[in-house]
Amino acid sequence: MTSETKGNLARVALMALVYCIFATRIPSYYSAPGVAALLDGAVLAGIIAIGVGLTMIAGEMDLSVGSMAAFAGILSIKFFAFGVTPAFIMVIVICAAIGAVQGYCIYKLNINSMVFTIGTLIALRGLTLVMSDEKTALVPFENIAETDFLSAKYLIFSVPSFVLLALFLIVDLFARRTLFGREIFAIGGGRSEARAAGVSMRRPMVLIFAMSAALAGLAGSLISIKNGSASPLGFEAVLLEAVTACLIGGIALSGGRGSILGILIGLFTIRFLVSGIAALGAPFWMQSLATGALMIFVIISEALIRYVLRRRRFAYSARLPA
């Protein structure tokens, strides 16, 4: 059993513990409508966390995803006249193109991605305000019935939750089984070593930021069209939840370590915690406090485990005969 598998099993145990704690207090947690609500509540942060996680695995960070999602939401309402599917496609293509340009600039100019994407965050938020005239955009009332399929339930699943789970499966296979996915892990594990092995820096950099932007665009447009409205100032807090899901899921800030499956586990650990606290009627600040405490606990625990394992390996190697 690999160390990654052991880590994910420990995270699943933590997720199950959090779920069971609240399920004993909240009967709706194990009812079909309750589980469906938990899945739907995870869609926005979950889709965005996949893209953010890919940039973190590569040793980078995309801070612009909240603004990208808001931009996509307004854009999807503007494009709604062309039909729901064309609106989604156009928004995803535009967001992916912006992300690809962003990734290329970060690669070409050798700029820190956090600094660059803060600029993109501010620029996109301003552009979104201009596009919307600083007002909430609404799906025309006569067309609102066209969005009903996004709220329809199939057992405990809706179309958005199906999309979320399908994306986790597809991106996990991409990251583990393709050359492009291995390149992302390679540049995150060590840039000098990756260059020495002949790995191109440009391709994975452009790819991860294009995917992050496309996924943020998909999430923003999906939620906006489902709700029938989009705010230019929406989705400001989603970055924090996405990054927290990645960190709890075992993605290393230094890059080169983690898995898409781990992000999924981290995502539902947070959703079980936040939704449970909200259902118990606790104040909003308690959700932030509990999420931060959980993240700190997981990070410290993993750091201590790695420290103990390094000490054991060092002690074992010291006992070997010269």
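No value in this document is a laboratory result; all are computed from the given coordinates. Computed from a predicted structure; not experimentally measured. Positions of Cβ are backbone-derived with ideal geometry, glycine not excepted, and every protein chain shown enters the neighbour counts.
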For n ≥ 4 DSSP H runs only, could you compute -39500 (n - 2.57) per run for the chain, divide by its residues and tell me the 222 nm figure to the nearest 500? -24500 deg cm²/dmol
If one takes the longest principal axis of the Cα atoms in the chain, at what angle in degrees, from 0 to 90 and to the nearest 10, does the Cα axis of helix 284-319 lie? 20 degrees
In order over segment 30-41: 3J(HN,Hα) from phi, Karplus 6.51/-1.76/1.60, θ = phi - 60°, whole Hz, x for each Gly or Pro, gives 10, 9, 4, x, x, 5, 4, 5, 5, 5, 5, x
In degrees between 0 and 90, to the nearest 10, how far off the longest principal axis of the chain does helix 3-23 point, with axes built from Cα atoms? 50 degrees
Given (i) 20.5, 64; (ii) 20.6, 81; (iii) 23.8, 104, which label gives Rg and Dmax of the Cα atoms in Å as computed from the coordinates? (ii)
What per residue convex hull volume, in Å³, comes out for segment 211-290 when only alpha-carbon positions are used? 125 Å³
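For L304 and N227, FRET efficiency with R0 = 41 Å and r from the beta-carbon atoms, rounded to 0.05?
Details: r = 43 Å, r/R0 = 1.04.
Efficiency computed from Cβ-Cβ geometry: 0.45.
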The computed P(r) of segment 1-59 puts the percent of Cα pairs beyond 14 Å at 72 percent
Furthest towards positive pole of dipole, L273, A290, I187, structure part the chain, Cβ charges: I187
Charge dipole of segment 87-188 about the Cα centre (unit charges at C-beta), most positive-ward option of A175, G119, A137: A175
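Specify whether the C-alpha gyration tensor of segment 11-126 places it in the rounded, prolate or oblate class, a ≥ b ≥ c being the square roots of the eigenvalues: rounded for a/c under 1.5, otherwise prolate if a/b is larger than b/c and oblate if not. Numbers along the way, then the final one.
Working: a/c = 3.09, a/b = 1.51, b/c = 2.05.
Oblate.
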If you place +1 on the Cβ of every Lys and Arg and -1 on the Cβ of every Asp and Glu, how big does the dipole about the Cα centre of segment 3-284 come out, in debye to the nearest 20? 720 debye
Residues of type aspartates and glutamates that K135 reaches as a straight line, Cα spacing below 17 Å, ignoring anything fewer than 8 places off in the same chain: E236
